[in-house]
Amino acid sequence: MFLCSFAANRRPATRSACPCGRSAAVISLSRIAQSRYNAQPIVSERSASSDALESLAIGVDIGGTGIKGAIVNSRGDLLETLHQPSPRTTSALRDFVHSLVKRAEAPVRGIGVGCKGIIDAGSTRVKSSPGDLNFLEGQLLSEAIGAGDLPVCAENDARVALIGEVLWGAARGRRNVVMLTLGTGVGGAVLVDGVILHGVNGAAGHLGHTTIDPRGGLCICGNYGCLETHFSSRAIESDYWAHIHRAAPTKLSITSTGELPSSEAIFRVAAAGDECARYVVDRALEYLGAALVSFLHTFDPEIFILGGNIVAAGPQLIVPIQDRVARRTKTLLGREVPIVFQQIVGLGGVAGAAGLVFLKQNLLAI
Ligand SMILES: [Zn+2]
């Protein structure tokens with residue numbers, strides 16, 4: 001909720017980000033953008049405030065398989081990064097964050113945390129986070145981290161990824177933005193008139209749990225036929241596996257250790273002519289395109305961002321989606337809404353989590 005109160009200094013910030021793993025070097029957002037899927041150059045801009053230039057914050061992104069963190073300045077430069085397997089205990093989380101705080105060579109203004117699940121941004125309480133992070137449920141992240149006098153703020157992981165893109169990435173300067181994070185599951189976040197949608201219980205924007213097939217299968221959320229059950233890495237992998245199980249002709253097979261072909265491999269062989277993979281990918285894209293049309297009609301955003309691991313599919317993913325969605329939305333919206341990839345690939349959640357601190361302290365604004 002506090003995002004809407006950052007009205008005043010609307011400073012265009014920019015640049016910097018990084019790869020996964022640990023690094024002592026400053027990593028530039030423009031390098032990431034040009035080496036990945038959004039090849040447009042990013043123009044660096046200086047903040048008017050010397051205070052803002054010197055400000056540092058810790059950004060932490062707690063995911064189901066890994067935890068990432070970085071020391072970030074208010075221009076979005078990631079000065080030092082750290083990446084480890086996800087903590088399974090509160091003390092492991094605390095140790096991770098404290099190790100980052102110790103590395104800062106100047107005082108930090110606070111700690112921002114992105115976490116999957118439903119997070120009460122006001123209190124930092126994890127209201128719900130099913131799966132491997134359920135040890136955090138009911139806890140205040142500010143207390144779990146135990147950072148003394150350092151302020152801690154927290155948000156859902158997709159929302160911090162969106163904030164990172166608005167401050168320093170594909171949606172710089174935009175105030176109406178929708179983002180989907182396409183990975184093992186499908187996360188979503190919505191920015192309307194500069195305000196992140198939270199809803200009464202903090203669950204607004206869970207776009208991956210929009211029903212796109214009333215007769216579809218049961219989803220982790222308890223609903224049936226969600227977008228996540230049709231377009232996520234698990235959905236694509238299980239659909240391809242079903243073809244293998246039925247002895248359909250496929251180029252990929254289950255490994256000797258029982259591992260299914262990955263969604264990345266399925267996209268790759270689809271492009272190389274595997275008929276089964278192409279069928280699976282085309283069908284998944286059809287569902288994703290239908291969902292995007294609905295989201296555009298619902299939110300009328302300036303720009304739509306696709307993020308998460310699946311964006312590695314590159315043009316194979318975005319070109320058919322753009323054409324399909326544009327044809328179906330031009331009449332109602334009166335224009336073609338850009339659908340772009342996340343620019344801060346890999347550490348967007350970390351950057352955005354640090355951005356929360358700068359927003360809350362009015363060093364930056366949306
Ligand atoms: Zn669902």
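The values are calculated or read from the model by the stated rules, or taken from the named source; none is laboratory data. These numbers come from a predicted model, not from an experiment. Heads up, the Cβs are rebuilt from the backbone with ideal geometry, glycines too, and the neighbour counts pull from every protein chain shown.
Worth pointing out:
- Leu317, sole failed condition from (1) in a helix (DSSP H, G or I); (2) modelled with pLDDT of 95 or more: (2)
- Those residues of segment 333-364 which are assigned to a loop (DSSP other than H, G, I, E, B) and touching a residue at least 40 places away in the same chain (Cβ under 8 Å), in sequence order: Val337, Gln342, Gln343, Ile344, Val345, Gly346, Leu347, Gln361, Asn362, Leu363, Leu364
- Subset of segment 74-111 (residues that are in a strand (DSSP E or B) and of a type in the set (A, V, I, L, M)): Leu78, Leu79, Leu82, Ile111
- Some residue of segment 205-215 being more than 14 Å from the ligand (Cβ to nearest atom) and either more than 22 Å from Lys360 (Cβ to Cβ) or out of contact with any helix residue (DSSP H, G or I) (no Cβ under 9 Å at 6 or more places or on another chain) (or both): yes
- Lone unmet requirement of (1) over 29 Å from Ser263 (Cα atoms); (2) touching a residue at least 40 places away in the same chain (Cβ under 8 Å) for Lys330: (2)
- Note on segment 313-366: residues that are farther than 26 Å from Gly63 by Cα, of a type in the set (A, V, I, L, M) and either in contact with a strand residue (DSSP E or B) (Cβ under 9 Å, 6 or more places away or on another chain) or buried (at least 22 other Cβ atoms within 10 Å of the Cβ) (or both) amount to 5.
- Look at segment 220-248: where a residue is farther than 22 Å from Gly308 by Cα and a partner is part of a loop (DSSP other than H, G, I, E, B) and within 16 Å of the ligand (Cβ to nearest atom), sitting 6+ places away or on another chain with Cβ atoms under 6 Å, you get Tyr224/Gly216.
- Residues of segment 248-264 satisfying the condition of being within 27 Å of Leu162 (Cα to Cα) and surrounded by fewer than 20 Cβ atoms within 10 Å (Cβ to Cβ): Ser262, Glu264
- Of the helices (runs of 4 or more DSSP H) lying entirely inside segment 221-308, those carrying at least 3 residues that are among the small types (Gly, Ala, Ser) and more than 16 Å from the ligand (Cβ to nearest atom) are 263-271.
- Residue in segment 171-178 that is more than 17 Å from Gly64 (Cβ to Cβ) and within 12 Å of the chain's Cα centre (by Cα) present: yes
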